[in-house]
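J.: Structure below; questions to follow.
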Amino acid sequence: FDEIEDSFENEYERAGCYGAFMDEVIEKKFGVGFREKLLKEADELSIANNDTINAYECDVRSEIYGLETNNVVYLSGKKFNVKRNQHGQFLNLDVMVYIDKVGKVIGYKLNKFMDDDLDSERERLFGVVVKELKKYKECKAGEIRGKKVITENFVTVNFY
């Protein structure tokens, strides 16, 4: 997974391509194709170990058919008596949905990382959310280097 970018902390820094510079240094030190060979080896180890791969790291991303763009589901907050945060907004839930190599959903996990003291409310709503997500049965498996892999997919459930 390659996430190299130019970022500048202040007006005195000069523009330049850090990623291209690093590729050049790596090539000089380890030879042409080293980086690609290393990435291929890491991919093959992940496949051989049957690791769960983040969907965004796949060559072909897994997909949950029927979800809104960016894997968002909208549910009525009033219908489920959802609490609001300190700003008066309904909370949202972030759920990891696991898809196996044939495109079948094999599990759900509540992703708790919000800093708003509403984790118990999220846990209460998790069952409701899983019941809703089970409606989306058709999925496409993710692939790395042409091989199907188990993936974790980030789904946001927004209450309105």
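The values are calculated or read from the model by the stated rules, or taken from the named source; none is laboratory data. Owing to the predicted nature of the structure, the values given are computational and were not obtained by experimental measurement. A quick note on method: Cβ atoms are made from the backbone with ideal geometry, for glycine too, and the neighbour counts reach across all protein chains shown. The area values use the complete protein model at the heavy-atom level, side chains included, leaving out ligands, DNA and RNA. Shrake-Rupley method; radii C 1.70, N 1.55, O 1.52, S 1.80 Å.
J.: Look through segment 50-90, keep the residues that are open to solvent by 100 Å² or more (accessible area, probe 1.4 Å) and among the aromatic types (Phe, Trp, Tyr), and return whichever of them is nearest to Val128 (Cα to Cα).
T.: Only one residue fits best here, namely Tyr74.
J.: Specify the residue that is modelled with the lowest pLDDT; the eligible residues are those in segment 17-39 that are surrounded by 13 or more Cβ atoms within 10 Å (Cβ to Cβ) and among the charged types (D, E, K, R).
T.: Asp23
J.: Any idea how many residues of segment 44-73 are under 17 Å from the mean Cα position of the chain (by Cα) and part of a helix (DSSP H, G or I)?
T.: Adding up the residues that qualify gives 4.
J.: Report, by residue number, each residue of segment 80-93 that is assigned to a loop (DSSP other than H, G, I, E, B) and among the charged types (D, E, K, R).
T.: Lys83, the sole residue that qualifies.
J.: Looking at the structure I just gave you, is Glu44 surrounded by 13 or more Cβ atoms within 10 Å (Cβ to Cβ) and not aliphatic (A, V, I, L, M)?
T.: yes
J.: Please report, ordered by residue number, the strands (runs of 3 or more DSSP E) entirely within segment 94-160 with at least 3 residues that are open to solvent by 50 Å² or more (accessible area, probe 1.4 Å).
T.: Those strands (runs of 3 or more DSSP E) span 105-111, 147-159.
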